[in-house]
Every structure is written in C-alpha cells, then in structure tokens.
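Bear in mind that the values in this text are calculations on the coordinates, not laboratory data. Remember, predicted model here, so these are calculated numbers, not experimental data. Here Cβ is always computed from backbone atoms with ideal geometry, including for glycine, and neighbour counts include all displayed protein chains.
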Amino acid sequence: MTAQQPTRQPRTRFERLGGRAALVAIVKTFYDRIEADPELRPVFPPDLRPGRDKQAAFLEQWMGGEPRYTQVYGEPALRRRHRPFTITERGAERWLAHLEASFEAHGTEEALTREIMDALRPLALRMVNTTEVRTRPDA
Ligand code: HEM
C-alpha cells in the first residue's frame, strides 16, 4: 500500500487574512472611515448597513472564500452597480486609502495588504464614472 501524500492547496487570501471574522471587522472599520469622510460620505446612501454587508460578502468571494455575494445578489457586475453613484478618480483614491488603512488597523500582514491593494486598485479605478469639473475658475 502506498502512503497517500495529502495534497496541499495553497491558502487563499481569505484564509491568510483570518477568515470571515477578520474580514467583517476590517470592512466595519472601512465603512466607519467612509462614514467619517466628508468627501465620500455624501456619495453613499443614508443607510450604510446594506452596502457594508454586501462589501463583506463580495470581498470574501473575491479573496477565495465562499461565493456569498453571487449566491445572494447574482453577478457582481460592479461597474454597472456603481453607475448610480458619482465616482471620481479622487474618490476612488480615497476609497482605496480607507481600505488600506483598515487592513493596517487590524494588523494584516504588510505583504498581504500590498498584494490585495495592488489587485484591487485597477478595479477601483474602473468604477470611476465622472470627471471632476471645476465649478469656479480659480478653484
Ligand atoms: C475595487 C473597488 C470596489 C469594489 C470591489 C466595490 C464593491 C462594492 C460592492 C460589492 C457593492 C454592493 C453592490 C450592490 O450589490 O448593490 C458596492 C456598492 C457601492 N460602492 Fe463600491 N466598490 C468599489 C469601489 C468603489 C468606489 C471607488 C466607490 C466610491 C468612491 C464606491 C462606492 C460605492 C457605493 C456608493 C455603493 C452603494 C452602497 C449601497 O448601496 O449601500 N465603490 N461596492
């Protein structure tokens, strides 16, 4: 009889992060930061809770956890879902900065944070749907 070597799957980003409890805590911090950001807060609807839960479900799926977003809400089609909101390049940069700070606040390993942020950055910039318009010539 030959001994079976257990096949080792590489750990997903979701597992490396610490699973659902860690991700939910990070997304909570992220949404708290958005809530406190005078530039980004008005872009979001009055009730932040549904978005926060969706974000946690999406990021779990995106990082290799269970496909919780698609199971409940269907295809992510994120650019289409972001179309109703005014998203400028500056807003996307702030969004990314808040997420990165939230990983840092929860002690996520630096290399993992970098890997995640590098992968999310082009996606965030694809959500941009509005060019900034100067309302005052001297602004
Ligand atoms: C990689 C970048 C991003 C990802 C993965 C992401 C992910 C998501 C997801 C999964 C949702 C829920 C969609 C739904 O089911 O209705 C959502 C909603 C939303 N996102 Fe993003 N997003 C990104 C970038 C941004 C940026 C840059 C902004 C604005 C600066 C933004 C603003 C919003 C707003 C306002 C909502 C609606 C929240 C609500 O309905 O409560 N997102 N986002």
When the chain is modelled as a GNM with alpha-carbon springs shorter than 10 Å, which of Leu17, Leu99, Leu78 fluctuates the most? Leu78
Between beta-carbons, use under 12 Å as the cut-off and find the net charge around Arg94, counting Lys and Arg +1, Asp and Glu -1. -2
Among Val24, Val128, Val72, which one shows the biggest mean-square fluctuation in a GNM of the chain, springs joining Cα atoms closer than 10 Å? Val72
Top mean-square fluctuation among Gly64, Gly51, Gly74, Gaussian network model of the chain, C-alpha springs under 10 Å? Gly74
Calculated from DSSP H runs of 4 or more alone, at -39500 (n - 2.57) each and per residue, what is the 222 nm mean residue ellipticity of the chain, nearest 500? -18000 deg cm²/dmol
Largest to smallest principal axis extent of the C-alpha atoms in the chain, angstrom: 81, 32, 25
Part-to-part distance (alpha-carbon centres) for the range 19-71 and the range 100-117, which is given in Å: 15 Å
